[in-house]
1. Given a 1.4 angstrom probe, I'd like the percentage of the accessible area of the chain that is carbon and sulfur, rounded to a whole number.
2. Based on the alpha-carbon gyration tensor of the chain, what equivalent-ellipsoid semi-axes (square roots of 5 times the eigenvalues) come out, in whole Å, largest first?
3. Which whole-number percent is the relative contact order of the range 116-252 (Cα, under 8 Å, 6+ apart)?
4. Equivalent-ellipsoid semi-axes (√(5λ), Cα gyration tensor) for the range 139-225, whole Å, largest first?
5. With a ≥ b ≥ c the root eigenvalues of the C-alpha gyration tensor of the range 98-192, is it rounded (a/c under 1.5), prolate (a/b larger than b/c) or oblate?
6. Have a look at 177, 157, 228 and tell me which one the Gaussian network model of the chain (Cα, springs below 10 Å) gives the largest fluctuation.
7. Lys and Arg at +1, Asp and Glu at -1: add these up for the other residues within a Cβ distance under 10 Å of residue 190 and post the number.
8. Under a point-charge model restricted to the Cβ atoms of Lys and Arg (+1) and Asp and Glu (-1), what is the dipole moment magnitude of the range 72-216 relative to its Cα centre, in debye to the nearest 20?
Amino acid sequence: MPRLSYRRALTRALADELARDEAVFLLGEDVQVGASLVTTGLARRFGADRVRDTPLSEQAFTSFATGAALAGLRPVIEFQIPSLLFLVFEQIVNHAHKFPLMTGGQCSVPVTYLVPGSGSRTGWAGQHSDHPYSLFAHVGVVTVVPATPADAYGLLVTAIRHDDPVVVFAPAGAMDVRDDVDDLTPVPLGRGRIHRFGDDVTVVAIGHLVHDALAVAEEVADQVSVEVFDPRTLYPFDIDGLTESVARTGRLVVLDDGNRSCGMAAEIIASVVERVRLLAPPRRVTRPDGAVLPFAPALDRAVQPGRDQLATAIHLTMKDGS
């Protein structure tokens, strides 16, 4: 089986969709030179008309993409920095997302918003290190966070083909992950994945943290049998799949590289406890309330959820339920 990196899986998905459908085109800042190393070589292969560099005006080119989608095209926008999504929240939520709903389905807005390098990239500081996926899930925009190269390819392909806006967060912590990939296929939205089966506790991990959860599960395997659940899509969320897992294990820990208050971890826990009687109180491992990541690498890492915190949460959950 060939080894494929997460970053190259995104590139392959973009190339395959550009080749498959002439309505697909890519736009963003410095996409022709491949500044993010995700769009490298695409302008040479598909031409400047379909891989378009834009001015430094996110609000302008995001609105341009909405108009292009209404006219029948399928734009893919690359955002170099996740915090730029704050600038275009209005364009995505109030325009692209709501047009089909407010017209009774008379139009569709198939725009894909790709964020390669979401979250901390080691020393990129407060204005470049956010994971704002919970905001988009909150308002009902389709939101995906792939953890593996195969899912990065499959979910991006599905997003481009989807008839509604989709935000694809590709975590910085996953970009260099490599995996043996035998077959690249579209991955359905709203369907989670169990990476490791276990009997004692379900750990829900989002994005790159799936790999940390798997490492911790292996470390504690002689004491606790950990099941690792990857939602892959945060909206729509596979609550049925997670409920089935937690109903078997009876315990829940959520690992989320977002801020604690009003974050995905809180929503996941609330959704589960409405459906399942747990053997112990659930726990969440997140960034602190209102976290703004510092520039200093040691402080940057200290603010993010880590393996030691997860292992502690797992052991406390087992102790509480004993």
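The values are calculated or read from the model by the stated rules, or taken from the named source; none is laboratory data. Model, not experiment: these values are computed from the prediction. Cβ coordinates were reconstructed from backbone atoms using ideal geometry, including for glycine residues, and neighbour counts include every protein chain displayed. Only protein heavy atoms, including side chains, enter the accessible area calculation; ligands, DNA and RNA are left aside. Shrake-Rupley method; radii C 1.70, N 1.55, O 1.52, S 1.80 Å.
1. Of the solvent-accessible surface of the chain, carbon and sulfur hold 50 percent.
2. Calculated on Cα positions only, the semi-axes equal 34, 20, 19 Å.
3. For the range 116-252, the relative contact order is 28 percent.
4. Equivalent-ellipsoid dimensions as semi-axes: 26, 15, 12 Å.
5. On the way: a/c = 2.78, a/b = 1.30, b/c = 2.14.
Here the range 98-192 falls in the oblate category.
6. Between 177, 157, 228, it is 177 that shows the largest mean-square fluctuation.
7. So the environment of residue 190 carries a net charge of 0.
8. Around 380 debye, computed over the range 72-216.
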